[in-house]
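Following: one structure in structure tokens, then a few remarks.
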Amino acid sequence: MFFLKNKKRKDIQSQEHNIDKEKLPKHIAIIMDGNGRWAKKRGLPRMAGHRAGVETLREVIRTSSDIGIEVLTLYAFSTENWKRPKNEVDALMNLLVEYLNKEVDELHRNNIKINAIGEIDTLPEKSKKAILDAMTLTGENTGLIVNVALNYGGRDELIHGFKDMLNAVQKGNLKIENINENTVENYLYTANLPDPDLLIRPGGEMRISNFLLWQLAYTEFCFTDILWPDFKKENLMEAIISYQVRDRRYGGI
């Protein structure tokens, strides 16, 4: 675990050439946190913070694609976020539709593949259609995979996977004695993808908030007090550089 300080922009820019393209994290997960506090600090409505966060999202996706990251998983809307005021939830769902409608063609031109993880069947119809249409359009792309975690909860994911395994056992398609870590991984939303190498959480909180509970077992954590709308390309670069000097032993010596 390491903490990313809010350095001056010129100090971060000078480090960009230090990225080792041979040691890039294959999979980066990000908890996009701090939109509401960013807006509050400026005397703006919370949705202004969410809209500012979309600009950061564009930059992070573009940068990740350009430097050769294979998978980017973004915590967009958790199962707990339904507890927020209805007008904010509705506005977030509308913002999702707006973003996908505006950006999906460019993402497709850049060979980026959009995927959704979470219980998307229970999303509002317009939101569900927008994400499914984006997945269909970009489904054959071979570049950066962008997993959008929507109506996602780590515990729900595990329960969903365990139920599917139990059904397979009851139907005779899976033997209990054959269940191992690889079996469990095959029943997760992230099946066939590498586990995250690096988790980044802007916003100053130091918790994972029910995100990718199984997949983060050996992930390097990067926390920062930079609010998500202020998190820029240079901050992503610095997080990657910090990751690259970590000694990842996976429980060994």
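The table for this structure:
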| item | result |
| --- | --- |
| D195 being within 25 Å of S78 (Cβ to Cβ), of a type in the set (D, E) and part of a loop (DSSP other than H, G, I, E, B) | yes |
| Test: S127 is assigned to a helix (DSSP H, G or I) and touching a residue at least 60 places away in the same chain (Cβ under 8 Å) | no |
| Per-region count, the stretch 90-119, residues assigned to a helix (DSSP H, G or I) and not basic (K, R) | 18 |
| Candidates E22, E98, E106, E59, filtered to the one that is in contact (Cβ under 8 Å) with a residue 40 or more places away in the chain and of a type in the set (D, E) | E59 |
| Residue among L92, L100 that is farther than 22 Å from G139 by Cα and of a type in the set (A, V, I, L, M, F, W, C) | L92 |
| Residue that is surrounded by the fewest Cβ atoms within 10 Å (Cβ to Cβ), among those in the stretch 117-151 that are closer than 19 Å to A91 by Cα and under 14 Å from the mean Cα position of the chain (by Cα) | N151 |
| Enumeration of residues in the stretch 134-157 that are of a type in the set (A, V, I, L, M, F, W, C), free of Cβ contacts under 8 Å to residues at least 40 places away in the same chain and in contact with a helix residue (DSSP H, G or I) (Cβ under 8 Å, 6 or more places away or on another chain) | A134, L137 |
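Condition check ((1) in a strand (DSSP E or B); (2) more than 13 Å from the chain's Cα centre (by Cα); (3) surrounded by fewer than 20 Cβ atoms within 10 Å (Cβ to Cβ)) across all residues:
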position	(1), (2), (3)
G36	no, yes, no
K40	no, yes, yes
L44	no, yes, yes
G49	no, yes, no
S65	no, yes, yes
L72	yes, no, no
A76	yes, no, no
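Residue by residue, here is whether (1) of a type in the set (S, T, Y); (2) without any contact (Cβ under 8 Å) to a residue 12 or more places away in the chain; (3) closer than 18 Å to E70 by Cα holds:
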| position | (1), (2), (3) |
| --- | --- |
| I159 | no, yes, no |
| N210 | no, no, no |
| E220 | no, no, yes |
| Q244 | no, no, yes |
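Rule-based calculations on the coordinates, nothing more; no lab input. Bear in mind the structure is a predicted one, so any value in this text is a computation, not a measurement. Counting neighbours? That spans all protein chains shown, and the Cβs are built from the backbone with ideal geometry, glycine included.
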